[in-house]
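In what follows, a single structure is set out as structure tokens and then discussed.
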């Protein structure tokens, strides 16, 4: 599958929005909190190999930051981890394992939209939650906050793996969040109910279409341009749902469709509308039909006086009502 490359202008726009610059490194808990509130939602410990805003990348202050193999001995990774612990104690931004199974920060304004897509209401808990998750939730509703070991003992889910799976299930349902981390006398998380810290945000009712649109708007505002599958990979949405959100932005004029699956922020009209698609190395066709298609493609390029390029640039015509895509050889 060809992997698109964003224009340099868009990369520079993301550097400024996601603080991937050395002059805008995140150093304090207040700066980390402001970063999450500005971008809307962010991963915690992801690097340049995954798209989207990341607290670790913002701490490093460079777009090519990569997590080392031994994160315990890395200064930037350790600092990011300590900032995460401090944000848990402050309790002003949401933190938990959401749909992608990865830990994410949410600004308070984005909580209703994520809950509309992944949250489980109280009347649906018995239908959608597992018995172990219900047992853990029953204890937390009584005690409000508990350490992991105490939670296993009180809930009856004594198996460590089963208990953590139940806690992760409750996190994905946006019912339980880690409220604090303790290192002495031993390392453990303190778990609490999300509605205790964010009662107003979790009580706000939002329909699914609005949630998809606003999540897509939040990501596009920081990214400047999205390429196929990027929004789905960052947020955990399915590709059809991500497309619905992006198309809603196009309908209201907030975004412009550059190519299939590629959308650009409308206010960035002065930026380049081209994206470079780098093709993989040539390989043998898997079927005679694919081989014939490649042969016809090569014949068309030769007939036009051009060799088959490894990279091609997709451009959109200026007529928005009839988008015509044409290929040209990259310099």
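Looking at 242, 223, 194, 216, which one is touching a strand residue (DSSP E or B) at 6+ places or on another chain (Cβ under 9 Å), within 30 Å of residue 151 (Cα to Cα) and crowded, with 19+ Cβ neighbours inside 10 Å?
Only one candidate passes the filter, namely 194.
Taking helices (runs of 4 or more DSSP H) that fall entirely within region 220-306, which contain at least 2 residues that are modelled with pLDDT of 50 or more and within 24 Å of the chain's Cα centre (by Cα)?
Details: elements: 230-235, 239-251, 288-303.
Passing ranges, in order: 230-235, 239-251.
Based on this model, can you work out whether residue 114 counts as in contact (Cβ under 8 Å) with a residue 24 or more places away in the chain, out of contact with any helix residue (DSSP H, G or I) (no Cβ under 6 Å at 6 or more places or on another chain) and buried (at least 18 other Cβ atoms within 10 Å of the Cβ)? Give the steps one after another, and end with the answer.
Values: in contact (Cβ under 8 Å) with a residue 24 or more places away in the chain: yes; out of contact with any helix residue (DSSP H, G or I) (no Cβ under 6 Å at 6 or more places or on another chain): yes; buried (at least 18 other Cβ atoms within 10 Å of the Cβ): yes.
So residue 114 passes the test.
Residue under question is residue 174, and the condition is that it be on the phi < 0 side of the Ramachandran plot, in contact with a helix residue (DSSP H, G or I) (Cβ under 8 Å, 6 or more places away or on another chain) and buried (at least 22 other Cβ atoms within 10 Å of the Cβ); does it hold? Break it down stepwise before answering.
Values: on the phi < 0 side of the Ramachandran plot: no; in contact with a helix residue (DSSP H, G or I) (Cβ under 8 Å, 6 or more places away or on another chain): yes; buried (at least 22 other Cβ atoms within 10 Å of the Cβ): yes.
Judged against the criteria, residue 174 is not a match.
The values are calculated or read from the model by the stated rules, or taken from the named source; none is laboratory data. This is a predicted model, so every value here is computed, not measured. Glycine gets a Cβ as well: all are built from the backbone with ideal geometry, and neighbour counts include every protein chain shown.
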